[in-house]
Structure formats: C-alpha cells, structure tokens
Amino acid sequence: MPVQYSVLFVCMGNICRSPTAHGVFRRCVQRAGLAECIHVASAATHDYHPGKPPDPRSIEHAQGRGYDLSDLRARILTLDELDRADLVLVMDEDNLRVVHERCAPEQRHKVLRLTEFCRIYDAASVPDPYFGDQEGFELVLDLVEDACEGLLEFVRLRVDQGRA
C-alpha cells in the first residue's frame, strides 16, 4: 500500500520535542499496521543543530518508554516539505507563527498545534524542555503520547477515506 498521508512534526531545533513526537507517532503508526501508508517526519524552524541527533535527554527518556529516536537527525523545514505534508504539527505558538509565515496562505489550514489532539491533557503547547530539568522531558512525553493517540484516530480516518 503506497503512502497516502504525510505527518510532519515541527519545533525550533528538531532535537527535543519534534523528534520525540516523530518517534512516538512512528511507533503508534507501526503498531496500528499503517507504516506503509502514513509517512512520519520532523523538522526545525531554526537551523541550530543540522545533522545532530536528538538531545541525549530526549533519547534517554524516550527509551525509558520504549521509543527509539537514535536514527533521527535534526534538519531545517523546507518549503517543498510544507507543500507535500498533509498535516504539519507544531509544538507551540512561536513555531505556529514561523510556519504560517513560511507557508502559502492556502496551506495554513493544515498547520496545527500538536496539543489540539490531546485527549487527557489540556495544554496549549508542548513546552520546550531544553533548558529545564528531567521532569520537562517526561512532560513532553506525557503530552506527546496523549496527542499521538488522538492524532492516530484522526489520520486513520483520512487514510480509510482514501484522502491524501
């Protein structure tokens, strides 16, 4: 089955939040048997860490919950990717603003905050844990896991409808 839907996660540096979301959602998609029809990617709004792996704390905390981020590398968001993605999920209002500034007006409808898919948590954003303590990385995982469950349901409906 060819890829029918593309999900792109975006944060500032692509080393904490968006690769965590990438890894968690990739695992959700695999468990649902949809890996061949849903493409998952992540990128940065700022070119701070090109080619670097996720923050070691992100990797460690993700591994603690069974997610592997080791193959992911930071990269900058491209206009082509914005055009190709069916859904672009940002981590906070700052990244929402930056992505809206970069994409064409007719593409803005597909740019949402990841937390809009949360079912348990009532959060406006996924806070950046980079300058914080270990608890920040656990909170990122809590929010991302919650949102990815709602996101999977949303995307599965679109794939089942054959909507690309």
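Quick notes on this structure:
- Residues in the chain average 49 Å² of solvent-accessible surface per residue, probe 1.4 Å, ligands and nucleic acids excluded.
- Listed peptides 70-76, 132-138 appear in the order 70-76, 132-138 once ranked by packing, highest mean of other Cβ atoms within 10 Å at the front.
- For E138, neighbours were defined as the other residues whose beta-carbon sits under 11 Å from its Cβ, and their charges (Lys and Arg +1, Asp and Glu -1) total -3.
- Mean Kyte hydropathy of -1.0 or more with a Cα span along the axis of at least 27 Å, helices from DSSP in the chain: 134-160
- Region 85-164 versus region 43-71: alpha-carbon centroid distance in Å: 17
- Over all pairs of different C-alpha atoms, the chain has a mean inverse distance whose reciprocal, the Kirkwood radius, equals 15.5 Å.
- Region 99-153, Cα convex hull volume normalised per residue, Å³: 93
- Assigned charges on the beta-carbon of Lys, Arg, Asp, Glu; the chain dipole about Cα centre (debye): 480
- Dipole orientation for region 40-164: of the candidates Q107, A123, A41, Q107 has the Cα lying most toward the positive pole (charges on Cβ; Lys, Arg +1; Asp, Glu -1).
- Under a Gaussian network description of the chain, with springs only between Cα atoms under 10 Å, the residue in P50, P127, P105 that fluctuates furthest is P105.
- Carbon + sulfur, % of accessible area of region 1-108 - ligands and nucleic acids excluded, 1.4 Å: 50
The values are calculated or read from the model by the stated rules, or taken from the named source; none is laboratory data. Because the structure is predicted, anything quoted here is derived from the model rather than measured. When we count neighbours, we look across all protein chains shown, and the Cβ atoms used for this are built from the backbone with ideal geometry, even at glycine. Just so you know, the surface numbers come from the protein's heavy atoms only, side chains and all, with ligands and any DNA or RNA stripped out. Shrake-Rupley method; radii C 1.70, N 1.55, O 1.52, S 1.80 Å.
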